[in-house]
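Heads up: the structure comes next, in structure tokens.
The values are calculated or read from the model by the stated rules, or taken from the named source; none is laboratory data. If you're wondering where the values come from, they're calculated on a predicted model, not measured in any experiment. Note that we place each Cβ from the backbone using ideal geometry, even for glycine, and neighbour counts take in every protein chain shown. Heads up: the accessible areas ignore ligands, DNA and RNA and are worked out on the full protein's heavy atoms, side chains in. Shrake-Rupley method; radii C 1.70, N 1.55, O 1.52, S 1.80 Å.
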Amino acid sequence: QIFNQHNAEAPNLEQAFHRMAQMEPNLDHDVSWFLLPSYWAKMVVALISFLCFANSYDGDFVFDDSEAIINNKDLRTETPLGDLWYHDFWGSKLSSNTSHKSYRPLTVLTFRINYLFAGGFYPVGFHVINIILHCTISVLMVDVFSILLGGLQFSNKGRRLNLAPKSSLLAALLFAVHPVHTECVAGIVGRADLLCALFFLLSFLGYCKAFKENKEGHTFSVFWVLVSVVLGAIAMLCKEQGITILGLNAVFDALVINKINLLELIRKLLYKDKSLESAGLLRKGLLFRITLLMCGGASILYIRWRIMGTGPPAFTEVDNPASFADSLFVRAINYNYYYSLNAWLLLCPWWLCFDWSMGCIPLIKSVSDWRIIALAALWFCLIGLICQALCSEDSHKRRILTLGLGFLIIPFLPASNLFFRVGFVVAERVIYLPSIGYCILFTYGFSLLSKQAKKKRILAVAVLGILLINVMRCALRSSQWRSEEQLFRSALSVCPLNAKVHYNVGKNLADKGNQSAAIKYYREAVRLNPKYVHAMNNLGNILKERNELHEAEELLSLAVQIQPDFAAAWMNLGIVQNSLRRFEEAEQSYWTAIKHRKKYPDCYYNLGRLYADLNRHIDALNAWRNATVLKPEHSLAWNNMIILLDNTGNLAQAEAVGREALELIPNDHSLMFSLANVLGKSQKYKESEALFLKAIKANPNAASYHGNLAVLYHRWGNLDLAKKHYEVSLKLDPTAPGTKENYNLLRRKLEQLQKKGG
């Protein structure tokens, strides 16, 4: 039998269970579920959590991974480690007005270690660590749920007892296979939530360890209380939610350790009853421990505030439209609707999306909106649970419901918009920790149903079915997170009104060269959000490349009108105006872009091209030199300098610039080619030949490389080699300009030589 079987463990453990059963009802008594030894329970949880997300191990870098990892200079060895403590999660300075203020240096440090061990940006190592972290957290959940559901009891030998082995296993399995966790596990930036959860749980278990009995009788360890505070600080350095564990430790202390009846305490406070000792406030050092937790939390928050340097981050209306509503009523209604959506994702995690902003969830502006029903349902359930948690005569029910609500609500508070504006509407990653509370409430509800049900096996099979469906949903969702194309397309059916979803699908198509399809999605993104400047900029770029210059100009002009400091759009507008031969306007657009982004090498490069077209050679060289100063590996700028100096007869200067460029970018074949041309004209044939051959080795299918090497041999008098490379060049590109004429000249010369020899 697999349900309701008796545990054949050591006699002292059974005695402990018996003592606990005498003190209060045992949750496991009514639960029809598997009963496994602790070691096997943890192995099962680890294995199932691994199976859920294993197929994400070889996924790509997707969505926010690009900014947080690939474009984050804090991962590279040339960035001092100390900079991590002054930069945000995305690598920007915390003191910057553009910083998101997401301070997670320990998470970034793990990314950096991943990068160093992998020897570059190879996503497999990053994904494997995420999967291991989730498995570890799920295993720890067995211990955490055994305490939350069964209470904190120790054997005579000081070993903590699992007084709810069946319930804790069920709750841990529910947590391990919840599909809403996919974003945290399969998305590499979810590492922040995983690390935060790991130290969050370790802080809680450390706090529990403070109450282990010693030879002097029941007391507590200040050391372990302080350890839990330190672990809470580490959790916060992984992600901001980590600080909430200190509040939960205090709640656990009051309810489980001191067995305080909250309703009774409220009554005593209302009636100004001074017998606080009987209410439990001073019992067993509770007040002292809460003071330690409060002081620790206040110190952590103060240090965090000092490091931030400036005020909160500046988010835009599209990130969180409800927070920009003028009416307090509209803000309150929509915040509560967002809470109900988060609750629904926990209850029914079927419709999942990588991004819920930009019109995905239209604002509720009046009470006639049918979605008000969701708010009413949420608060009906919450008020019912709160009333039971406060007023029930069953102390066991009060404790479990209060802990369940505490773990559901308190870790969610930083994302609730109550204390500060957040940069999202709904985010699946922020309910990784609150899902602990959901699992507690689900398990307790299952135990109540089991108690009432006549056919408990059917109920257990139903829960097994839910777990199996969640496992399959996790596997499916993990596969969608393997590539950006699958991830973005999966969101089209969930959030068809989300402009960012259409934008990302379009961007992915454009990156793959499918410009026609990309245009369709970019246009839809602009239709859904007429102020979406990034979509306008990208659409304008594609239209520019397709020579649809007038529409491109309209889009880019509108983008800079909506966002005057959008440097990229100003630069692209300048490129379009240059193509339309409106040179003065183009120059003005370039300088406006540089005004808004001082270090903009690509803009200096395009400005140099404009000056070259206008025969302002000195200005062109200066612009390209600025580009290479800002970005020493800017190959195009170096090449243009060499070519311009070559074309104007400044061979010595061109040679000097070419050698400087190759020192910085030694493996760039285009620079080798340009410098080889200069050396050939300077009659340094041997060195020129070596560079041509090196360039051809790096890029053997470039017809111009073979053609120009043939010209060098032609000048040098190596006619057979010249003939060979002319023929290779013509084979690669039969229409190569000048090559056929040079080849014909060489053939006539060879025929003449043969006649003379004959």
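Hey, if you put +1 on the Cβ of every Lys and Arg and -1 on every Asp and Glu Cβ in the chain, which of LEU476, ASN320, ILE575 ends up farthest toward the positive end of that dipole?
LEU476
Assuming R0 = 25 Å, what is the FRET efficiency of ALA298 and CYS391, from their Cβ-Cβ distance, to the nearest 0.05?
Step by step, r from the Cβ atoms, then E = 0.15.
Measure off, as a whole percent, the carbon and sulfur share of the 1.4 Å-probe accessible area of the stretch 546-672, all protein chains present.
Values: 3090 of 6320 Å².
Of all accessible area on the stretch 546-672, carbon and sulfur atoms account for 49 percent.
Sort 67-79, 336-348, 229-241 for me by packing, meaning the mean count of neighbouring Cβ atoms within 10 Å per residue, highest on top.
Numbers: 67-79: 15.8, 336-348: 18.7, 229-241: 23.5.
With the highest mean Cβ count within 10 Å placed first, the list reads 229-241, 336-348, 67-79.
Of THR110, TYR57, ILE243, which is farthest towards the positive pole of the stretch 37-308's charge dipole, taken about the Cα centre with +1 and -1 on the beta-carbons of Lys, Arg and Asp, Glu respectively?
Toward the positive end, the furthest listed residue is ILE243.
Could you give the dipole magnitude of the chain about its Cα centre, charging the beta-carbon of Lys and Arg +1 and that of Asp and Glu -1, in debye to the nearest 20? Intermediate results must be reported in sequence, preceding the final value.
Values: 79 positive and 61 negative charges, 192 e Å.
Rounded to the nearest 20 debye, it is 920 debye.
On average, how much accessible surface per residue is there in the chain, in Å², for a 1.4 Å probe, leaving out ligands, DNA and RNA?
Values: 35990 Å² over 758 residues.
Here the residues of the chain average 47 Å² of exposed surface.
If you add up the charges near SER416, with Lys and Arg at +1 and Asp and Glu at -1, over every other residue whose beta carbon is less than 14 angstrom from its beta carbon, what do you get? Please list the in-between numbers first.
Details: positive: ARG331, ARG421; negative: GLU240.
It works out to a net charge of +1.
Can you pull the percent of the stretch 155-267's accessible area that's carbon plus sulfur, 1.4 Å probe, other chains left in place? Walk me through the numbers on the way to the answer.
Values: 2190 of 3550 Å².
So the carbon and sulfur contribution to the accessible surface is 62 percent.
Which entries of LYS93/LYS500; LYS166/LYS397; LYS212/LYS239; LYS681/LYS749; LYS73/LYS93 show an alpha-carbon separation above 19 angstrom in the structure shown? Don't skip to the answer; put the middle values down first.
Working: LYS93/LYS500 26 Å; LYS166/LYS397 17 Å; LYS212/LYS239 30 Å; LYS681/LYS749 22 Å; LYS73/LYS93 11 Å.
Violating the 19 Å limit, Cα to Cα: LYS93/LYS500; LYS212/LYS239; LYS681/LYS749.
Hey, what angle do you get for helix 583-596 against the long axis of the chain, alpha-carbon based, 0 to 90 degrees rounded to 10?
Orientation of helix 583-596: about 30 degrees from the principal axis.
Between helix 222-238 and the chain, what is the angle of the helix's C-alpha long axis to the longest principal axis, kept within 0 to 90° and rounded to the nearest 10?
Approximately 30 degrees, to the nearest ten.
Taking a cut-off of 16 Å between Cα atoms, list the lysines near LYS209, but don't count ones fewer than 8 places away on the same chain.
Leaving aside lysines fewer than 8 places away in the same chain, those within reach of LYS209 are LYS157, LYS284.
I need the phi-derived Karplus couplings for the stretch 466-480: 6.51 cos²θ - 1.76 cosθ + 1.60, θ = phi - 60°, integer Hz, Gly and Pro marked x.
With coefficients 6.51, -1.76 and 1.60, one gets 4, 4, 5, 4, 5, 4, 5, 5, 4, 4, 5, 5, 4, 5, 5 Hz.
Identify all aspartates and glutamates with a Cα-Cα distance to LYS365 below 20 Å; exclude those on the same chain that are fewer than 8 residues away in sequence.
LYS365 reaches GLU317, ASP319, ASP326.
Does the chain come out rounded, prolate or oblate, given a ≥ b ≥ c as the square roots of the eigenvalues of its C-alpha gyration tensor, rounded meaning a/c under 1.5 and, failing that, prolate meaning a/b above b/c?
Numbers: a/c = 2.62, a/b = 2.28, b/c = 1.15.
Cα axes put the chain in the prolate bin.
Relative to the first principal axis of the alpha-carbon coordinates of the chain, what is the inclination of helix 191-209, with its axis defined by its Cα atoms, in degrees from 0 to 90 and to the nearest 10?
30 degrees
Using 0.36 nm per residue of separation minus the Cα-Cα distance, give me the extension gain between LYS681 and SER493 in nm, one decimal. Can you show the working numbers first?
Values: separation 188, 0.36 × 188 = 67.68 nm, distance 6.16 nm.
Using 0.36 nm per residue and subtracting the Cα-Cα distance, I get 61.5 nm.
Among the listed pairs LYS259/LYS456; LYS507/LYS544; LYS520/LYS598; LYS686/LYS756, which are separated by more than 24 Å between their Cα atoms?
Details: LYS259/LYS456 31 Å; LYS507/LYS544 16 Å; LYS520/LYS598 34 Å; LYS686/LYS756 29 Å.
Over 24 Å apart, Cα to Cα: LYS259/LYS456; LYS520/LYS598; LYS686/LYS756.
Under 14 Å Cα-Cα from LYS42, which aspartates and glutamates qualify once same-chain neighbours fewer than 8 residues away are excluded?
Answer for LYS42, where 14 Å is the Cα cut-off: ASP143, listed by chain and number.
Note down the nm distance, to one decimal, between modelled labels 7 Å out along Cα→Cβ at GLN752 and at GLU78.
5.3 nm
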